[in-house]
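Each value in this text was obtained by applying a stated rule to the coordinates, not by laboratory testing. Note that the coordinates shown come from a computational prediction; the quantities given were computed from them, not determined experimentally. Positions of Cβ are generated from backbone atoms using ideal geometry, with glycine treated the same way; all protein chains shown enter the neighbour counts.
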Amino acid sequence: MSHPILTATHKLGQSIWLDYISRELLESGSLEQMVAEGVRGLTSNPTIFEKAISKGTDYDDDIAQGISRGATAAQIFEDLAVCDVARAADTLSGVYDSSGGGDGFVSLEVSPALAHDTEGTVQEARRLWKRVDRPNLMIKVPGTVEGVPAIHALLRDGINVNVTLLFSLEQYRDVLQVFIKALHDRMAKGEDVTGVASVASFFVSRVDTAADQQLRESGHEKLAGRAAIANACQAYRHFLEATDTERWRRLLDQGAQVQRPLWASTSTKDPTYSDIHYVEELLGGSTVNTLPPDTLAAFKDHGKPQPRLLENMRDADQVFAEVTEAGVDLGAITHGLIEDGVQKFAASYNAVVDAIQSKMSTAGAGAS
């Protein structure tokens, strides 16, 4: 049965996705229940998989099977991830079909080790796309300097892409223009653009974590908790402007979908803020918000869906100016967060491979 708060959010033009995956979620019926309530997609990353695999026994049988066929820990991890993502995609296929391919997506990330390797990213993304073999799959590619041309190549090939680790307006502008160019390139070759889907994952709370520390240290406490929202609003303004051009309308006439901004990292890190601060303040049309389970539960419990994104956009320039006058360089913060994000995902990837290797070693010791 649909949840009234999720239904109201969707009516305002925003899709709520779940930022979590695990074998228990898939086998318990929990994902089916969430979809029935109004969850319209799912995102995953190495951090999420690391928690799911290292802290339980749900994957032990799969790991044992991998050992029996001589797979490495990295190969076993990919097999587990591909299996879970494919199952989640099947669960969400009804949303994908009923929305005409607008929702119902599940994301799978290329190895973080390839974040600065354009050709390696393209090759791995194409391989994972074929392995999962679901039309509602999105391949996650970081919006690094090297990732941007890979994103273009994949979209041009008709592969759905979730562009991740976007923090700055400059990054976002480049990514949106690459999306539009890739679709024009497809159209120029006479290829269909209607089935190509993409989101641009703009990270939110981490910006405040960095900015708030500087604001409080400089005595500008009243500006705390506002920089990240203003930063996201700047991106949303550019989205509205870019999709109100003749260049975009030519694609729209051919049935192209917009590349929706997806608000990521929307769990509240500062306990003095509302636990749904980055959900309610970023609610607007043609957007996605991907929520970890605790944030989703909080939003369902006491969320008040209103179109606050447009309201916040009116104040974004002033907030930006005030934050800058307070001595905070948001450009430097967002630039640092890009590489920090890559390193954190790489660390999580290594951790999950290490966790599998540990279980492999334990199983080998038990067998001997």
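Results, tabulated for the structure shown:
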quantity: Whole-Hz ³J(HN,Hα) from phi, Karplus 6.51 cos²θ - 1.76 cosθ + 1.60, for segment 196-209, glycine and proline x; calculated: 8, 10, 7, 10, 10, 7, 9, 7, 10, 4, 5, 5, 5, 4
quantity: Filtered GluC sites (Glu not before Pro), segment 103-135: DSSP coil and at most 11 other beta carbons within 10 Å; calculated: none
quantity: Shape box of segment 269-368 [Cα atoms, principal axes, largest first, Å]; calculated: 67, 36, 29
quantity: Rounded to whole Å, sorted largest first: equivalent-ellipsoid semi-axes of segment 37-141, Cα gyration tensor; calculated: 24, 18, 12
quantity: Gain upon complete extension [T245, D294; 0.36 nm per residue less C-alpha separation]; calculated: 13.7 nm
quantity: Residues in segment 324-356 that a label on K55 would reach, taking backbone N under 14 Å of a point 7 Å out along Cα→Cβ; calculated: 352
quantity: D_trans [Stokes-Einstein, Kirkwood Rh over alpha-carbon pairs] for segment 184-248, 37 °C, 0.692 mPa s, µm² s⁻¹; calculated: 222 µm²/s
quantity: Residue-by-residue Karplus 3J(HN,Hα) for segment 224-233, coefficients 6.51, -1.76, 1.60, Hz, glycine and proline x; calculated: 4, x, 10, 5, 5, 5, 4, 4, 5, 5
quantity: Contact order normalised by residue count of segment 94-237, Cα under 8 Å, 6+ apart, percent; calculated: 19 percent
quantity: Largest-first principal axis extents, alpha carbons of segment 223-267, Å; calculated: 43, 19, 7
quantity: Taking M1, M313 and counting other C-beta atoms within 10 Å, the order from fewest to most; calculated: M1, M313
quantity: Cα-based helix-to-principal-axis angle, 147-156 vs the chain, degrees rounded to 10; calculated: 80 degrees
quantity: Segment E27-R126, extension gain: residue separation times 0.36 nm, minus the distance between their alpha carbons; calculated: 32.8 nm
quantity: For I276, net neighbour charge (Lys/Arg +1, Asp/Glu -1) across residues whose Cβ lies under 15 Å away; calculated: -4
quantity: Residue among E217, E50, E339 with the largest mean-square fluctuation in a Gaussian network model of the chain, springs linking Cα atoms under 10 Å; calculated: E217
quantity: Amide H contacts under 5 Å for F105, placed H, 5+ residues apart; calculated: L42
quantity: For the chain, calculated [θ]222 nm from helices alone, where every DSSP H run of n ≥ 4 adds -39500 (n - 2.57); calculated: -18500 deg cm²/dmol
quantity: The chain: Cα Rg divided by the 2.2 N^0.38 Å rule of thumb; calculated: 0.98
quantity: Under-5 Å amide H pairs with L291, H placed in peptide plane, nonlocal only; calculated: W17, L18, D19
quantity: Length-normalised contact order of the chain in % [C-alpha pairs under 8 Å, at least 6 apart]; calculated: 22 percent
quantity: Under 16 Å from the K222 label point (7 Å along Cα→beta-carbon), backbone N, segment 300-342; calculated: 318-327
quantity: 5 angstrom amide H check on L262, placed H, neighbours 5+ away; calculated: A200, S201, F202, V288
quantity: Cβ-based exposure ranking for W129, W17, in which fewest neighbours within 10 Å come first; calculated: W129, W17
quantity: Label-point gap, in nm, between E170 and Q75 - each point 7 angstrom along Cα→Cβ; calculated: 4.3 nm
quantity: Under the Karplus curve 6.51 cos²θ - 1.76 cosθ + 1.60, θ = phi - 60°, whole-Hz ³J(HN,Hα) for segment 307-316, x wherever Gly or Pro sits; calculated: x, 7, 4, 5, 5, 5, 5, 5, 9, 4
